[in-house]
1. The conditions are (1) surrounded by fewer than 23 Cβ atoms within 10 Å (Cβ to Cβ); (2) within 21 Å of the chain's Cα centre (by Cα), and residue 73 fails exactly one of them. Which is it?
2. Please state which of the following conditions residue 277 fails to meet, knowing it meets all the rest: (1) closer than 22 Å to residue 55 by Cβ; (2) in a helix (DSSP H, G or I); (3) modelled with pLDDT of 95 or more; (4) out of contact with any Leu (no Cβ under 9 Å at 6 or more places or on another chain).
3. Filter segment 145-193 down to the residues that are surrounded by fewer than 18 Cβ atoms within 10 Å (Cβ to Cβ), charged (D, E, K, R) and within 21 Å of residue 298 (Cβ to Cβ) and list them by number.
4. Test of understanding: among 82, 78, which residue is at pLDDT 95 or above, more than 27 Å from residue 232 (Cβ to Cβ) and either assigned by TED's automatic domain parsing to the domain that holds residue 332 or part of a loop (DSSP other than H, G, I, E, B) (or both)?
5. Failed condition for residue 53, given (1) in contact (Cβ under 8 Å) with a residue 60 or more places away in the chain; (2) in contact with a strand residue (DSSP E or B) (Cβ under 7 Å, 6 or more places away or on another chain), with all others met?
6. Looking at this structure, is residue 240 modelled with pLDDT under 95 and farther than 21 Å from residue 48 by Cα?
7. Which residue is surrounded by the most Cβ atoms within 10 Å (Cβ to Cβ), if the candidates are limited to segment 202-221 and must be more than 13 Å from residue 58 (Cβ to Cβ) and not hydroxyl-bearing (Ser, Thr, Tyr)?
8. Checking residue 42 against (1) assigned to a strand (DSSP E or B); (2) within 16 Å of residue 252 (Cβ to Cβ), which test does it fail?
Amino acid sequence: MSNTLYVLLDGAEDDPNPLLGGKKPVEIAEMPYLYDKARHAFRTTGRGYTHLFLNEFFTGHPPEVPRGALEALGLGLPIMDPKRTAYRLSPAEIGDGMVRWSYHASEFSDELQRVMMSHMDIFEGRDPQIRFFINGRAVLTMECDDVPETPAPPVDAPCVDIPGVLGEFVKAVADDMGGITDYPWGCGKFGHQYPAHPCFNNLTAISDSPTSLGVCASLGQRIMLIDDLDERFPAAVEALEHGDVFLHIDEVDEYSHQKDHEKKKWVLEHTDRMMEKHFPDVENVVYFADHGTSCVTGEHILTDVPVWTSIDCGIAPGTIHPLPDLVPDIAKHKRRLHGVRDTAQPGRLRRRGDCEGHTVQDMGQEGGVHLHGGKHPHVHDPGGLRGRRHAGAHHVHPRRGCGAPGKWQGHLHEGDPDQPRRHTHAGDPHHGGP
């Protein structure tokens, strides 16, 4: 099989840890499958956040679409209409002129979500649609032109007043929650997106993260939202029969933000065992990290990152290969090895596999989203997104909330699609969110 499996170990790079004798979790984790299967190791240029890295990984260009708009696509929210703006919302405490990001929102996320929904009437007449994911995080889209410039997680920063109805909403939630609210960042409208590298062959993206899925959706690639880590591997096996696969292990990053080096080591080793179980005979595999996430500080680290692959690209160990060239150069060597050309045409609807039990989306040239399976008919969403669901799935679908017109509530998913991350580049517009 000439299809390629791309595996993102999100935030795998790290700081030397005093509790590990000055070593990093990725250095001491036992990963015999990775080291045996992907023997060609080098490095590439990392980026401060996942969406920055992945957009350049898939297209060769930094993103021109804001984080919130990409995540809206990943969650199936309407955003293509130029009247709509997307807002990423993350739990934080505001007071004393500061916004302090919360990393233990599981303690109050249910109450935060309830209070937020009780105030959605503030957006009446703007067709608000919201999806929650882990621990009170959310993405909101609505008809609005306000795009506030606000600080991004994880660095606590001076609180910026939010204009208009969004500011009214943030304050109302904070008043009811004793200063805790969902604070917006990564805001904006969907803009220009570059095409994916033509060497990708009918790629399917599998993740629990609206960030990575949003990048892939914006490129016309097929996406599967699967919260449970272990369930992603058999789904990837099926998808690999029909084309390339991008498999995202987001938990590596999450445990790093929790500053838990033992959990980080465990999930790296568990991933290795699952890869050996499900992909014993895979020919073309590429492992990579996107940035570092420190188990010492809990913050992102802007550094070069490791790449391991079964494909001999002729790149010397220790070499830092430029990120924009990474995928094309790997693909060139893969094609010579197998004597075939990739024939995928960017923008075409992707092949539909049997993915019962999971959210699946195909992105066409006009940005339409198709959720496949069962006998459900196509339905039309306000932003031009089309969808149908199949029974038993981890759906990302709207349902009316709190009885007020125009309000929508999404499921609270188990599994963190992209926890707010600590980062060492606050204020840099190219590092706009975790």
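1. (1)
2. (1) is the only condition that residue 277 fails.
3. 156
4. None of the other options fit; the residue is 82.
5. (2)
6. no
7. Only one residue fits best here, namely 210.
8. Residue 42 satisfies all of (1) assigned to a strand (DSSP E or B); (2) within 16 Å of residue 252 (Cβ to Cβ) except (2).
The values are calculated or read from the model by the stated rules, or taken from the named source; none is laboratory data. It should be emphasised that the depicted structure is a prediction, and the values quoted were computed from it without experimental measurement. Please note: Cβ atoms are built from the backbone with ideal geometry, for glycine as well, and neighbour counts cover all protein chains shown.
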